[in-house]
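Taking it in order: structure first as C-alpha coordinates, then the write-up.
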Amino acid sequence: VLSAAEQHLLVGPQPVSGASGEDLSPSPHRADILSSISDLLPHTSTARLKNVLRALSAPPRHNEFMWPLPEHAPLLWEALDCQLQELGRDELGLMPGMATMVQDVLADHIEKAGSCCGLVSAERLNMSKRRVRQWEDVFIRASHADAEPDWGALDEPTQMLAWATFGEFCKVDGVMSACNMVRTSGLGSAEREVELVLVNTDSVHRATSILYPEYYIMSMMNERHPDWVRLIRSESIGVQGKLLPADTTPEELLYHVSGLLGMPPEAPHQDQTRWMVDRAWALGWIVKMAKQGCFANIMDMVGTSLFGEAYCERLWGPNSSQGGHKLQIEAETEPERSKMTVRATVCLVVRDPGSMELIGEIPLNLMVCLTMDQQGSPRGFGMSAAIRLKQEVVDLEMLFDRIRPICT
(Lines give C-alpha, C1' and ligand atoms only; values in the text may rest on other atoms or scores of the structure.)
Protein backbone atom coordinates (compact mmCIF):
# COMPACT_ATOMS: atom_id res chain seq x y z
CA VAL A 1 0.00 0.00 0.00
CA LEU A 2 1.44 3.37 -1.01
CA SER A 3 1.35 6.36 1.27
CA ALA A 4 -0.47 9.50 0.22
CA ALA A 5 2.86 11.13 -0.60
CA GLU A 6 3.87 8.19 -2.79
CA GLN A 7 0.53 8.18 -4.59
CA HIS A 8 0.94 11.90 -5.22
CA LEU A 9 4.43 11.19 -6.52
CA LEU A 10 3.16 8.63 -9.01
CA VAL A 11 0.39 10.94 -10.22
CA GLY A 12 2.88 13.76 -10.56
CA PRO A 13 3.02 17.31 -9.17
CA GLN A 14 2.33 20.45 -11.15
CA PRO A 15 5.25 22.01 -13.02
CA VAL A 16 7.48 24.17 -10.86
CA SER A 17 10.30 26.59 -11.54
CA GLY A 18 13.45 27.41 -9.66
CA ALA A 19 14.49 30.88 -8.51
CA SER A 20 16.36 31.40 -11.79
CA GLY A 21 13.41 30.24 -13.90
CA GLU A 22 14.89 26.77 -14.47
CA ASP A 23 12.30 24.03 -14.98
CA LEU A 24 12.39 21.75 -11.94
CA SER A 25 9.46 19.61 -13.03
CA PRO A 26 9.79 15.82 -13.23
CA SER A 27 11.07 14.29 -16.44
CA PRO A 28 8.82 14.81 -19.52
CA HIS A 29 9.18 11.06 -20.13
CA ARG A 30 7.44 10.31 -16.81
CA ALA A 31 4.26 9.06 -18.52
CA ASP A 32 6.23 6.70 -20.77
CA ILE A 33 8.14 5.36 -17.78
CA LEU A 34 4.95 4.76 -15.79
CA SER A 35 3.30 3.08 -18.76
CA SER A 36 6.22 0.71 -19.25
CA ILE A 37 6.24 -0.46 -15.63
CA SER A 38 2.50 -0.55 -14.98
CA ASP A 39 2.24 -4.24 -15.83
CA LEU A 40 5.15 -5.06 -13.53
CA LEU A 41 3.98 -3.22 -10.41
CA PRO A 42 1.77 -6.04 -9.03
CA HIS A 43 4.82 -8.34 -9.09
CA THR A 44 7.42 -5.81 -7.90
CA SER A 45 8.92 -5.92 -4.43
CA THR A 46 8.56 -3.02 -2.03
CA ALA A 47 12.32 -2.44 -2.19
CA ARG A 48 12.31 -2.19 -5.98
CA LEU A 49 9.26 0.09 -5.95
CA LYS A 50 11.15 2.34 -3.53
CA ASN A 51 13.89 2.74 -6.14
CA VAL A 52 11.29 3.48 -8.82
CA LEU A 53 9.83 6.21 -6.63
CA ARG A 54 13.28 7.62 -6.02
CA ALA A 55 13.98 7.72 -9.75
CA LEU A 56 10.65 9.41 -10.49
CA SER A 57 10.97 12.01 -7.75
CA ALA A 58 13.25 14.23 -9.86
CA PRO A 59 14.69 14.37 -13.36
CA PRO A 60 18.14 12.79 -13.73
CA ARG A 61 19.94 16.14 -13.67
CA HIS A 62 18.46 16.87 -10.23
CA ASN A 63 18.67 13.38 -8.76
CA GLU A 64 21.64 13.85 -6.43
CA PHE A 65 22.02 10.29 -5.15
CA MET A 66 23.09 7.13 -6.93
CA TRP A 67 21.51 3.84 -5.82
CA PRO A 68 22.25 0.17 -6.49
CA LEU A 69 19.40 -2.00 -7.69
CA PRO A 70 17.65 -3.62 -4.72
CA GLU A 71 18.39 -7.17 -5.89
CA HIS A 72 22.11 -6.34 -6.10
CA ALA A 73 22.41 -4.52 -2.75
CA PRO A 74 22.56 -7.72 -0.57
CA LEU A 75 25.30 -9.17 -2.79
CA LEU A 76 27.22 -5.92 -2.53
CA TRP A 77 26.84 -5.91 1.28
CA GLU A 78 28.17 -9.47 1.55
CA ALA A 79 31.16 -8.77 -0.70
CA LEU A 80 32.13 -5.66 1.27
CA ASP A 81 31.62 -7.44 4.59
CA CYS A 82 33.98 -10.25 3.56
CA GLN A 83 36.59 -7.82 2.28
CA LEU A 84 36.50 -5.62 5.40
CA GLN A 85 36.98 -8.67 7.61
CA GLU A 86 39.91 -9.77 5.46
CA LEU A 87 41.49 -6.31 5.71
CA GLY A 88 41.08 -6.45 9.49
CA ARG A 89 42.88 -9.79 9.67
CA ASP A 90 45.70 -8.42 7.49
CA GLU A 91 46.08 -5.46 9.83
CA LEU A 92 46.12 -7.76 12.84
CA GLY A 93 49.07 -9.61 11.30
CA LEU A 94 51.07 -6.36 11.09
CA MET A 95 50.59 -5.37 14.73
CA PRO A 96 53.46 -7.45 16.21
CA GLY A 97 55.95 -5.28 14.34
CA MET A 98 54.20 -2.11 15.53
CA ALA A 99 54.17 -3.29 19.17
CA THR A 100 57.87 -4.15 19.05
CA MET A 101 58.71 -0.73 17.61
CA VAL A 102 57.08 1.15 20.52
CA GLN A 103 57.52 -1.16 23.52
CA ASP A 104 60.49 0.75 24.98
CA VAL A 105 58.82 4.15 24.49
CA LEU A 106 55.62 2.81 26.08
CA ALA A 107 57.56 1.64 29.14
CA ASP A 108 59.10 5.13 29.47
CA HIS A 109 55.69 6.83 29.08
CA ILE A 110 54.20 4.60 31.77
CA GLU A 111 56.96 5.57 34.19
CA LYS A 112 56.46 9.28 33.53
CA ALA A 113 52.67 9.04 33.80
CA GLY A 114 53.08 7.25 37.13
CA SER A 115 55.05 10.20 38.50
CA CYS A 116 52.05 12.52 37.97
CA CYS A 117 49.76 12.33 40.97
CA GLY A 118 46.16 11.82 39.89
CA LEU A 119 46.81 11.65 36.15
CA VAL A 120 46.40 7.92 35.56
CA SER A 121 44.99 5.41 38.04
CA ALA A 122 47.25 2.78 39.58
CA GLU A 123 45.03 0.06 38.14
CA ARG A 124 45.47 1.37 34.61
CA LEU A 125 49.22 1.80 35.07
CA ASN A 126 49.54 -1.78 36.30
CA MET A 127 47.59 -3.06 33.30
CA SER A 128 49.86 -1.11 30.96
CA LYS A 129 52.98 -2.48 32.67
CA ARG A 130 51.59 -6.00 32.46
CA ARG A 131 51.05 -5.68 28.71
CA VAL A 132 54.58 -4.40 28.20
CA ARG A 133 56.00 -7.36 30.15
CA GLN A 134 53.83 -9.83 28.25
CA TRP A 135 54.92 -8.45 24.91
CA GLU A 136 58.58 -8.39 25.95
CA ASP A 137 58.28 -12.10 26.76
CA VAL A 138 56.75 -12.75 23.32
CA PHE A 139 59.53 -10.77 21.63
CA ILE A 140 62.24 -12.73 23.44
CA ARG A 141 60.66 -16.08 22.51
CA ALA A 142 60.17 -15.03 18.87
CA SER A 143 63.65 -13.58 18.41
CA HIS A 144 66.59 -15.57 17.13
CA ALA A 145 70.24 -14.67 17.21
CA ASP A 146 70.70 -14.44 13.45
CA ALA A 147 67.19 -13.67 12.17
CA GLU A 148 64.30 -11.29 12.51
CA PRO A 149 61.32 -12.56 14.53
CA ASP A 150 58.88 -14.61 12.48
CA TRP A 151 55.72 -12.68 13.29
CA GLY A 152 53.74 -14.74 10.82
CA ALA A 153 54.15 -17.79 13.05
CA LEU A 154 52.32 -16.16 15.96
CA ASP A 155 48.83 -17.38 16.79
CA GLU A 156 45.84 -15.03 16.80
CA PRO A 157 45.70 -14.45 20.60
CA THR A 158 49.35 -13.32 20.52
CA GLN A 159 48.65 -11.02 17.58
CA MET A 160 45.73 -9.61 19.55
CA LEU A 161 48.12 -8.95 22.46
CA ALA A 162 50.33 -7.03 20.01
CA TRP A 163 47.34 -4.92 18.91
CA ALA A 164 46.45 -4.19 22.55
CA THR A 165 50.08 -3.25 23.32
CA PHE A 166 50.30 -0.87 20.38
CA GLY A 167 46.85 0.49 21.22
CA GLU A 168 47.98 1.13 24.80
CA PHE A 169 50.96 3.05 23.46
CA CYS A 170 48.66 5.21 21.31
CA LYS A 171 46.47 5.98 24.34
CA VAL A 172 49.29 6.85 26.74
CA ASP A 173 51.25 8.76 24.10
CA GLY A 174 48.08 10.69 23.26
CA VAL A 175 47.57 11.68 26.89
CA MET A 176 51.18 12.82 27.25
CA SER A 177 51.00 14.86 24.02
CA ALA A 178 47.69 16.46 25.01
CA CYS A 179 49.08 17.50 28.40
CA ASN A 180 52.02 19.24 26.76
CA MET A 181 49.77 20.89 24.16
CA VAL A 182 47.57 22.44 26.84
CA ARG A 183 50.64 23.64 28.72
CA THR A 184 52.16 25.36 25.68
CA SER A 185 48.91 26.61 24.10
CA GLY A 186 48.79 29.92 25.94
CA LEU A 187 45.36 29.09 27.36
CA GLY A 188 44.69 31.15 30.48
CA SER A 189 47.39 33.71 29.75
CA ALA A 190 47.30 34.93 26.14
CA GLU A 191 44.21 33.04 25.00
CA ARG A 192 40.78 32.25 26.43
CA GLU A 193 39.99 29.68 23.74
CA VAL A 194 42.36 27.48 21.71
CA GLU A 195 42.20 24.70 19.16
CA LEU A 196 44.31 21.68 20.04
CA VAL A 197 45.18 19.09 17.39
CA LEU A 198 45.51 16.00 19.56
CA VAL A 199 46.15 13.56 16.72
CA ASN A 200 47.85 14.12 13.38
CA THR A 201 49.16 10.97 11.73
CA ASP A 202 49.73 9.55 8.26
CA SER A 203 49.95 5.98 9.60
CA VAL A 204 46.88 3.85 8.87
CA HIS A 205 47.89 1.42 11.65
CA ARG A 206 48.20 4.16 14.23
CA ALA A 207 44.94 5.78 13.12
CA THR A 208 43.12 2.45 13.44
CA SER A 209 44.62 1.80 16.89
CA ILE A 210 43.68 5.29 18.07
CA LEU A 211 40.05 4.64 17.20
CA TYR A 212 40.10 1.00 18.32
CA PRO A 213 42.97 0.32 20.77
CA GLU A 214 42.12 -3.39 20.93
CA TYR A 215 41.39 -5.75 18.07
CA TYR A 216 37.83 -5.98 16.92
CA ILE A 217 36.30 -7.74 13.94
CA MET A 218 35.86 -5.12 11.26
CA SER A 219 32.66 -5.68 9.31
CA MET A 220 29.90 -3.91 7.41
CA MET A 221 27.07 -2.19 9.24
CA ASN A 222 23.53 -3.19 8.44
CA GLU A 223 20.56 -0.86 8.41
CA ARG A 224 19.39 -2.15 11.82
CA HIS A 225 22.64 -1.33 13.60
CA PRO A 226 21.79 1.04 16.51
CA ASP A 227 24.41 3.59 15.45
CA TRP A 228 23.13 3.65 11.87
CA VAL A 229 19.49 3.97 13.00
CA ARG A 230 20.43 6.85 15.29
CA LEU A 231 22.42 8.69 12.61
CA ILE A 232 19.71 8.30 9.98
CA ARG A 233 16.80 9.23 12.25
CA SER A 234 18.58 12.31 13.55
CA GLU A 235 19.48 13.45 10.00
CA SER A 236 23.16 13.37 10.90
CA ILE A 237 24.76 11.98 7.71
CA GLY A 238 25.67 14.28 4.84
CA VAL A 239 27.36 13.70 1.47
CA GLN A 240 28.70 16.67 -0.47
CA GLY A 241 26.80 18.90 1.96
CA LYS A 242 23.45 17.19 1.25
CA LEU A 243 21.51 15.23 3.89
CA LEU A 244 21.26 11.54 3.18
CA PRO A 245 17.67 10.39 2.48
CA ALA A 246 16.08 8.81 5.54
CA ASP A 247 15.59 5.37 3.96
CA THR A 248 19.23 4.92 2.90
CA THR A 249 21.12 1.77 3.92
CA PRO A 250 24.89 1.59 4.64
CA GLU A 251 25.65 -0.23 1.39
CA GLU A 252 23.66 2.40 -0.54
CA LEU A 253 25.75 5.13 1.07
CA LEU A 254 29.00 3.41 0.06
CA TYR A 255 27.61 2.86 -3.45
CA HIS A 256 26.77 6.54 -3.81
CA VAL A 257 30.19 7.64 -2.53
CA SER A 258 31.82 5.18 -4.95
CA GLY A 259 29.97 6.89 -7.78
CA LEU A 260 31.46 10.20 -6.68
CA LEU A 261 34.90 8.59 -6.60
CA GLY A 262 34.62 7.50 -10.23
CA MET A 263 32.84 4.13 -10.29
CA PRO A 264 31.28 3.71 -13.76
CA PRO A 265 27.49 4.02 -13.32
CA GLU A 266 26.74 1.98 -16.45
CA ALA A 267 29.00 -0.97 -15.57
CA PRO A 268 27.46 -4.41 -14.77
CA HIS A 269 26.84 -4.91 -11.07
CA GLN A 270 29.58 -7.56 -10.85
CA ASP A 271 32.12 -5.00 -12.10
CA GLN A 272 30.77 -2.33 -9.75
CA THR A 273 31.05 -4.72 -6.81
CA ARG A 274 34.63 -5.56 -7.76
CA TRP A 275 35.39 -1.83 -8.09
CA MET A 276 34.11 -1.19 -4.56
CA VAL A 277 35.86 -4.23 -3.07
CA ASP A 278 39.16 -2.95 -4.48
CA ARG A 279 38.56 0.30 -2.58
CA ALA A 280 37.15 -1.22 0.60
CA TRP A 281 40.29 -0.07 2.46
CA ALA A 282 39.03 3.50 1.90
CA LEU A 283 35.26 2.96 2.10
CA GLY A 284 35.78 1.11 5.38
CA TRP A 285 36.67 4.40 7.08
CA ILE A 286 33.10 5.55 6.54
CA VAL A 287 31.92 2.47 8.42
CA LYS A 288 34.49 2.95 11.20
CA MET A 289 33.51 6.56 11.75
CA ALA A 290 29.78 5.88 11.53
CA LYS A 291 30.12 3.85 14.73
CA GLN A 292 29.81 5.91 17.88
CA GLY A 293 32.71 4.00 19.43
CA CYS A 294 35.14 5.86 17.18
CA PHE A 295 35.13 8.69 19.76
CA ALA A 296 35.64 6.58 22.89
CA ASN A 297 39.43 6.41 22.97
CA ILE A 298 39.93 10.06 21.99
CA MET A 299 37.41 11.06 24.66
CA ASP A 300 39.56 9.09 27.13
CA MET A 301 42.65 11.02 25.99
CA VAL A 302 40.85 14.35 26.38
CA GLY A 303 39.37 13.49 29.76
CA THR A 304 42.57 12.07 31.25
CA SER A 305 44.78 14.94 30.09
CA LEU A 306 42.35 17.66 31.26
CA PHE A 307 40.81 16.17 34.41
CA GLY A 308 43.01 13.24 35.43
CA GLU A 309 42.06 9.71 36.41
CA ALA A 310 38.58 10.67 37.68
CA TYR A 311 37.56 12.41 34.47
CA CYS A 312 34.38 10.32 34.14
CA GLU A 313 32.88 12.52 36.88
CA ARG A 314 33.38 15.63 34.76
CA LEU A 315 33.44 14.76 31.05
CA TRP A 316 30.24 13.42 29.50
CA GLY A 317 28.78 12.67 26.12
CA PRO A 318 26.54 15.14 24.26
CA ASN A 319 23.40 16.36 26.01
CA SER A 320 21.46 17.34 22.87
CA SER A 321 20.84 16.10 19.35
CA GLN A 322 22.59 19.19 17.99
CA GLY A 323 25.80 18.16 19.73
CA GLY A 324 25.48 14.48 18.87
CA HIS A 325 27.51 12.33 16.52
CA LYS A 326 27.41 13.67 12.95
CA LEU A 327 29.08 12.30 9.83
CA GLN A 328 30.00 14.31 6.73
CA ILE A 329 31.58 12.86 3.59
CA GLU A 330 33.15 14.69 0.67
CA ALA A 331 34.45 12.92 -2.45
CA GLU A 332 35.82 14.05 -5.79
CA THR A 333 37.49 12.58 -8.85
CA GLU A 334 40.45 14.03 -10.73
CA PRO A 335 42.09 12.70 -13.92
CA GLU A 336 44.80 10.76 -12.07
CA ARG A 337 43.34 10.23 -8.62
CA SER A 338 40.30 10.42 -6.37
CA LYS A 339 39.97 12.05 -2.95
CA MET A 340 37.70 11.37 -0.01
CA THR A 341 37.29 13.16 3.31
CA VAL A 342 35.28 11.69 6.18
CA ARG A 343 34.54 13.95 9.13
CA ALA A 344 32.91 12.82 12.37
CA THR A 345 32.00 15.39 15.01
CA VAL A 346 30.55 15.35 18.50
CA CYS A 347 30.24 17.86 21.31
CA LEU A 348 31.48 16.64 24.71
CA VAL A 349 30.00 18.16 27.86
CA VAL A 350 31.80 19.25 31.04
CA ARG A 351 29.79 19.16 34.29
CA ASP A 352 30.45 20.00 37.91
CA PRO A 353 30.91 16.61 39.63
CA GLY A 354 28.93 17.67 42.71
CA SER A 355 25.92 19.52 41.32
CA MET A 356 26.06 18.05 37.76
CA GLU A 357 25.61 21.62 36.54
CA LEU A 358 26.70 22.21 32.95
CA ILE A 359 30.00 24.11 32.87
CA GLY A 360 30.73 24.09 29.16
CA GLU A 361 31.27 22.06 26.00
CA ILE A 362 34.28 20.70 24.15
CA PRO A 363 33.64 20.22 20.40
CA LEU A 364 35.58 17.26 19.00
CA ASN A 365 36.37 17.00 15.29
CA LEU A 366 37.72 13.72 13.88
CA MET A 367 38.77 13.75 10.21
CA VAL A 368 40.25 11.24 7.77
CA CYS A 369 41.55 12.35 4.35
CA LEU A 370 42.74 9.88 1.75
CA THR A 371 43.60 9.66 -1.93
CA MET A 372 43.75 6.74 -4.34
CA ASP A 373 44.86 6.22 -7.93
CA GLN A 374 42.64 5.05 -10.78
CA GLN A 375 43.21 1.41 -9.81
CA GLY A 376 42.09 2.07 -6.23
CA SER A 377 45.54 1.77 -4.65
CA PRO A 378 46.36 4.07 -1.71
CA ARG A 379 48.29 7.23 -2.58
CA GLY A 380 47.83 9.25 0.59
CA PHE A 381 46.32 9.04 4.05
CA GLY A 382 45.96 11.31 7.05
CA MET A 383 43.91 11.39 10.22
CA SER A 384 43.53 14.26 12.66
CA ALA A 385 41.54 14.84 15.83
CA ALA A 386 41.09 18.34 17.24
CA ILE A 387 39.16 19.99 20.08
CA ARG A 388 38.11 23.55 20.86
CA LEU A 389 38.98 24.25 24.49
CA LYS A 390 37.78 27.24 26.50
CA GLN A 391 39.49 28.44 29.66
CA GLU A 392 36.36 28.17 31.82
CA VAL A 393 35.86 24.42 31.33
CA VAL A 394 39.12 23.33 32.96
CA ASP A 395 40.96 24.20 36.19
CA LEU A 396 44.31 25.15 34.68
CA GLU A 397 46.11 25.57 37.99
CA MET A 398 45.17 22.05 39.06
CA LEU A 399 46.01 20.67 35.61
CA PHE A 400 49.46 22.27 35.50
CA ASP A 401 50.20 21.04 39.01
CA ARG A 402 49.15 17.50 38.05
CA ILE A 403 51.34 17.28 34.93
CA ARG A 404 54.37 19.17 36.29
CA PRO A 405 56.60 16.04 36.52
CA ILE A 406 56.31 15.33 32.77
CA CYS A 407 56.84 18.96 31.75
CA THR A 408 60.15 19.55 33.48
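The values are calculated or read from the model by the stated rules, or taken from the named source; none is laboratory data. Given the structure is predicted, the values throughout are model-derived calculations rather than measurements. Counting neighbours? That spans all protein chains shown, and the Cβs are built from the backbone with ideal geometry, glycine included. Remember, those area values only see protein heavy atoms, side chains included, never the ligands or the DNA or RNA. Shrake-Rupley method; radii C 1.70, N 1.55, O 1.52, S 1.80 Å.
Out of contact with any Phe, Trp or Tyr (no Cβ under 8 Å at 6 or more places or on another chain) and open to solvent by 30 Å² or more (accessible area, probe 1.4 Å): is that true of Glu136 in this structure? Judged against the criteria, Glu136 is a match.
What tally of residues in the stretch 260-308 results from selecting those that are of a type in the set (Asp, Glu) and within 24 Å of Tyr215 (Cα to Cα)? Reasoning before the result, please.
From the stretch 260-308, those of a type in the set (Asp, Glu) are 266, 271, 278, 300; that's our starting set.
Filter again for within 24 Å of Tyr215 (Cα to Cα), leaving 278, 300.
Summing the residues that are of a type in the set (Asp, Glu) and within 24 Å of Tyr215 (Cα to Cα) in the stretch 260-308 gives 2.
Check the stretch 247-260 and report whether any residue there is more than 29 Å from Leu125 (Cα to Cα), open to solvent by 40 Å² or more (accessible area, probe 1.4 Å) and in a loop (DSSP other than H, G, I, E, B). Yes: the stretch 247-260 contains one or more residues that are more than 29 Å from Leu125 (Cα to Cα), open to solvent by 40 Å² or more (accessible area, probe 1.4 Å) and in a loop (DSSP other than H, G, I, E, B). For the stretch 204-237, a residue qualifies if it is small (Gly, Ala, Ser) and touching a helix residue (DSSP H, G or I) at 6+ places or on another chain (Cβ under 9 Å), and the qualifying residues are Ala207, Ser209, Ser219, Ser236.
Scan the stretch 360-381 and tell me whether some residue there is out of contact with any helix residue (DSSP H, G or I) (no Cβ under 7 Å at 6 or more places or on another chain), among the basic types (Lys, Arg), closer than 24 Å to Ile232 by Cα and open to solvent by 40 Å² or more (accessible area, probe 1.4 Å). Explain how you work it out, then say what you get.
If we filter the stretch 360-381 for residues that are out of contact with any helix residue (DSSP H, G or I) (no Cβ under 7 Å at 6 or more places or on another chain), which is where we start, we get 361, 363, 365, 367, 369, 371, 373-375, 377, 379-380.
When the remaining residues are screened for being among the basic types (Lys, Arg), the result is 379.
Add one more test, that the residue is closer than 24 Å to Ile232 by Cα, and what stays is none.
No, the stretch 360-381 contains no residue that is out of contact with any helix residue (DSSP H, G or I) (no Cβ under 7 Å at 6 or more places or on another chain), among the basic types (Lys, Arg), closer than 24 Å to Ile232 by Cα and open to solvent by 40 Å² or more (accessible area, probe 1.4 Å).
Given the criteria exposed (fewer than 14 other Cβ atoms within 10 Å of the Cβ), closer than 24 Å to Ser258 by Cα and either in contact with a Phe, Trp or Tyr (Cβ under 9 Å, 6 or more places away or on another chain) or not hydroxyl-bearing (Ser, Thr, Tyr) (or both), does Asn222 qualify? Please lay out each step first, then the result.
Values: exposed (fewer than 14 other Cβ atoms within 10 Å of the Cβ): yes; closer than 24 Å to Ser258 by Cα: yes; either in contact with a Phe, Trp or Tyr (Cβ under 9 Å, 6 or more places away or on another chain) or not hydroxyl-bearing (Ser, Thr, Tyr) (or both): yes.
Spelling it out, Asn222 is indeed exposed (fewer than 14 other Cβ atoms within 10 Å of the Cβ), closer than 24 Å to Ser258 by Cα and either in contact with a Phe, Trp or Tyr (Cβ under 9 Å, 6 or more places away or on another chain) or not hydroxyl-bearing (Ser, Thr, Tyr) (or both).
Determine whether the stretch 55-62 contains at least one residue that is open to solvent by less than 50 Å² (accessible area, probe 1.4 Å), hydrophobic (A, V, I, L, M, F, W, C), part of a helix (DSSP H, G or I) and modelled with pLDDT of 90 or more.
Checking the stretch 55-62: not a single residue is open to solvent by less than 50 Å² (accessible area, probe 1.4 Å), hydrophobic (A, V, I, L, M, F, W, C), part of a helix (DSSP H, G or I) and modelled with pLDDT of 90 or more.
Checked against (1) more than 10 Å from Ala99 (Cβ to Cβ); (2) buried (at least 16 other Cβ atoms within 10 Å of the Cβ); (3) basic (Lys, Arg), Arg130 passes all but a single condition, namely (2).
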